[in-house]
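Q: Below is a structure I'd like to ask you about.
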Amino acid sequence: MHPAIEVVGVEKRFGQFTALAGVSLQVQQGEFFALLGPNGAGKTTLISALAGLTRVNAGSLKVMGLDVVDQYQEARKALGIVPQEIVFDPFFSVRETLRFQAGYFGIARGAVLDSWIDELLAKLSLSDKADNNMRQLSGGMKRRVLVAQALVHRPPVIVLDEPTAGVDVELRQTLWGFIRELNAKGHTILLTTHYLEEAQQLCSRIAMMKQGRIVAMDTTEHLLNAFSERVLRVKIDGELSVALLQARAKQDGGWHFFPIYDYDEVETRLAQLRASGVHITNLEVAEPDLEEVFVKLMHK
Ligand SMILES: Nc1ncnc2c1ncn2[C@@H]1O[C@H](COP(=O)(O)OP(=O)(O)OP(=O)(O)O)[C@@H](O)[C@H]1O
Ligand SMILES: [Mg+2]
């Protein structure tokens, strides 16, 4: 079985500036994969190269085993891209925009296409806007149309570049429900997002990019375990004993942080606090989180 996405040694320069400095990665069919990194890391550049919109200076890219340069048409058909930037013909209606996009991929107009378009519109809560012109939509609605547009030719590989920027909470949940459904049906998903909790919840594997390079790539679970820890946080009345001060990892905003490895340790720590005579006024157990992983990797 081909990987869904295969990127080998990709370099991209804009004049003197290197946007991609040798990127290699494989996403297997059926994966839900996150590509994360700060602004300017090179995520969108890599996605443009996958879509065959940007010619790279070195390396190769394949989608479902199809080379994005030598087999441009087939590779492009295998891919549905939700772009970061919103660009539309303002005079088309939502439905026409989707029909036009389908035509671009050689899909005949007719009942089959129309019922798929209706389903997409319903899934994305756009049914009541189907006959509105694109310029009559709000920003978040335009973004939903971009999602529908990416899916209209039923591509096996779906790439979402910041799909939830400016999208309200409810639609974000609907959108992720729908994308998860597609993933469960076998579609491969590549996602970029600055909402790290979304990536943490949705994606089984993550690549982190920084200045045109991949600086970490692993399962979400491994990354969390390697770079983040579970902590017990308490606010207290009173002074910590010397032993507890030594056990404390840090304090921040009135919170004292104690690393813990399992939940039994919470009991032990709380018993120690009680025995030392301090009164606990607030308490939380925080699970490892991707934001901490991200910050650590970006400052390495
Ligand atoms: N057409 C271009 N000409 C010159 N430089 C470019 C061009 N496109 C991108 N760049 C530069 O390449 C770098 C990577 O940009 P890219 O859009 O891939 O970042 P990104 O990871 O998608 O960031 P963001 O999270 O902000 O979307 C940036 O420094 C950007 O300024
Ligand atoms: Mg981008």
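Q: With +1 on the Cβ of every Lys and Arg and -1 on the Cβ of every Asp and Glu, and nothing else charged, how large is the dipole of the stretch 5-225 about its Cα centre, in debye rounded to the nearest 20? Intermediate values should be presented prior to the final figure.
A: Working: 23 positive and 23 negative charges, 78 e Å.
In debye, rounded to 20, the stretch 5-225 gives about 380.
Q: Only Lys, Arg, Asp and Glu count, each charged at its Cβ (+1, +1, -1, -1), so figure out the dipole size of the stretch 1-77 about its Cα centre, rounded to 20 debye.
A: Numbers: 7 positive and 6 negative charges, 51 e Å.
Taking the Cα centre of the stretch 1-77 as origin, the dipole is about 240 debye.
Q: Now a separate question. Before anything else, pin down the relative contact order of the stretch 137-260: Cα pairs under 8 Å, at least 6 apart, normalised by residue count, whole percent. Don't skip to the end; give the middle numbers.
A: Working: 104 pairs, mean separation 20.1, N = 124.
Relative contact order of the stretch 137-260: 16 percent.
Q: Treat the count of other C-beta atoms within 10 Å as a stand-in for reagent exposure and order Val278, Val69 from fewest to most. Don't skip to the answer; put the middle values down first.
A: Values: Val278 18, Val69 13.
Fewest-to-most ranking of Val278, Val69: Val69, Val278.
Q: If one computes the Cα centroid of the stretch 54-125 and of the stretch 201-275, what distance in Å separates the two points?
A: Cα centres, the stretch 54-125 to the stretch 201-275: 43 Å.
Q: What are the GluC sites (Glu not before Pro) within the stretch 1-106 that DSSP puts in a loop, where the Cβ has at most 16 other Cβ atoms within 10 Å? Show your work: numbers first, answer last.
A: Details: sites: Glu6, Glu11, Glu31, Glu74, Glu85, Glu96; in loops: Glu31, Glu85.
Answer by residue number: Glu85.
Q: Using just the C-alpha positions of the chain as equal point scatterers, what log10 of I(q)/I(0) does the Debye formula give at each q in 0.12 1/Å?
A: Once normalised to I(0) and log-transformed, intensities are -0.84.
Q: So for His279, His194, His299, His153, fewest C-beta neighbours within 10 Å to most, what's the order? If you can, show how the numbers build up before the last one.
A: On the way: His279 10, His194 14, His299 7, His153 20.
Arranged by neighbour count, lowest to highest, His279, His194, His299, His153 become His299, His279, His194, His153.
Q: Farthest toward the dipole's positive end in the chain, which of Asn183, Gly59, Thr44, given Cβ charges of +1 (Lys, Arg) and -1 (Asp, Glu) about the Cα centre?
A: The listed residue farthest towards the positive side: Gly59.
Q: Could you calculate the contour length gain from Glu170 to Ala21, that is, 0.36 nm times the residue separation minus the distance between their Cα atoms, to one decimal place in nm? Let's see the in-between values first.
A: Values: separation 149, 0.36 × 149 = 53.64 nm, distance 3.80 nm.
Length difference between fully extended and current span is 49.8 nm.
Q: Can you list the lysines whose alpha carbon is less than 27 Å from that of Lys235, not counting same-chain residues fewer than 8 positions off?
A: Within reach: Lys250, Lys296.
Q: Using only alpha carbon positions, build the gyration tensor of the stretch 229-298, then give the equivalent ellipsoid semi-axes as the square roots of 5 times its eigenvalues, largest first, whole angstrom. Let's see the in-between values first.
A: Details: eigenvalues 103, 33, 22 Å².
Each semi-axis is the square root of five times an eigenvalue, giving 23, 13, 10 Å.
Q: Expressed in nm to one decimal, what extension gain is obtained for the pair His299 and Ile86 from 0.36 nm per residue of sequence separation less their Cα-Cα distance?
A: Values: separation 213, 0.36 × 213 = 76.68 nm, distance 3.15 nm.
Net length gain for the segment: 73.5 nm.
Q: Considering lysine pairs in the stretch 5-225 that are 8 or more places apart or on different chains, how many have Cα atoms under 17 Å apart?
A: Here the count comes out as 9.
Q: In debye, nearest 20, what is the charge dipole magnitude of the stretch 91-182 about its Cα centre with +1 on Lys and Arg Cβ and -1 on Asp and Glu Cβ, if you could check?
A: Numbers: 12 positive and 11 negative charges, 32 e Å.
Computed about the Cα centre, the dipole is about 160 debye.
Q: Taking the simple approach of a point 7 Å from Cα along Cα-to-Cβ for both Thr219 and Gln73, what is their distance in nm?
A: Using points 7 Å along Cα→Cβ, the separation is 4.2 nm.
Q: If amide hydrogens are placed 1.01 Å from N in the peptide plane, which non-local residues have theirs closer than 5 Å to the one on Ala216?
A: The list, which skips near neighbours in sequence, is Met208.
Q: Just want the answer: with Cβ charges of +1 for Lys and Arg and -1 for Asp and Glu, which residue in Leu283, Ala108, Leu223 is farthest toward the dipole's positive end in the chain?
A: Of Leu283, Ala108, Leu223, it is Ala108.
Q: Using the beta-carbon distance between Ile280 and Ala226 and R0 = 25 Å, what value does 1/(1 + (r/R0)^6) give for FRET efficiency, to the nearest 0.05? Write down the numbers at each step before the final one.
A: Working: r = 30 Å, r/R0 = 1.22.
FRET efficiency, Ile280 to Ala226: 0.25.
Q: Further question: Can you give me the relative contact order of the stretch 1-121 as a percent, contacts being Cα pairs under 8 Å and 6 or more apart? Please report the intermediate quantities before stating the final value.
A: On the way: 151 pairs, mean separation 26.5, N = 121.
Once divided by the residue count of the stretch 1-121, the mean separation gives 22 percent.
Q: Are there any trypsin sites (Lys or Arg not before Pro) in the stretch 1-86 that are in a DSSP loop and have at most 15 other Cβ atoms within 10 Å? List them by number.
A: On the way: sites: Lys12, Arg13, Lys43, Arg55, Lys62, Arg76, Lys77; in loops: Arg55.
Within the stretch 1-86, the qualifying trypsin sites (Lys or Arg not before Pro) (loop, at most 15 other Cβ atoms within 10 Å) are Arg55.
None of the figures in this text is laboratory data; all of them are computed from the coordinates on show. From a predicted model like this one, the values you see are computed outputs, not experimental measurements. Note that we place each Cβ from the backbone using ideal geometry, even for glycine, and neighbour counts take in every protein chain shown.
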